[in-house]
Amino acid sequence: MIRHAVFVRFKLGLDATNILAALTALKSKIPGIIAISAGVDCSPEGLQRGHTHGFTVDFENAAARDAYLLHPEHQKVGAMIVAAAVGGIDGVTVIDWEMEGP
């Protein structure tokens, strides 16, 4: 299983509700997605470095993740995220890692 984690610095005052809804809807549109979780930062640690929102997408395997990256529905949502982020792509941080199955 692959976990894809994304942290975003959305523009001040932006309501990201529609973006997060479009993101979570990808589970029903792209094969190989096990789960999607998204939300607003609520950490009391103060280590967000400007990131206001985060999400994870869990994939069956690396092939499913790779197909997702190229999928037109992901491309649409990704473009929405980048357009709404402070500094465009510079406002987005992504990291993936392999996980053992459930």
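Here, each number is a calculation from the coordinates, and none is a lab measurement. Note that the coordinates shown come from a computational prediction; the quantities given were computed from them, not determined experimentally. In this analysis, Cβ positions are derived from the backbone assuming ideal geometry, glycine residues included, and neighbour counts consider all displayed protein chains.
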Checklist entry - If you rank 60, 45 by fewest surrounding Cβ atoms within 10 Å, what's the result? => result 45, 60
Checklist outcome for this item: Counting Lys and Arg as +1 and Asp and Glu as -1 over every other residue whose Cβ sits under 13 Å from the Cβ of residue 25, the net charge comes to +2
Item to check | Linear extension gain, residue 35 paired with residue 97, 0.36 nm per residue minus alpha-carbon span | outcome: 20.8 nm
Next on the checklist: On the principal axes of its Cα set, how long, how wide and how thick is segment 2-98? Give whole Å, largest value first.
Outcome noted: 34, 26, 20
Checklist entry - Relative contact order, percent, of the chain when contacts are C-alpha pairs under 8 Å separated by at least 6 residues? => result 47 percent
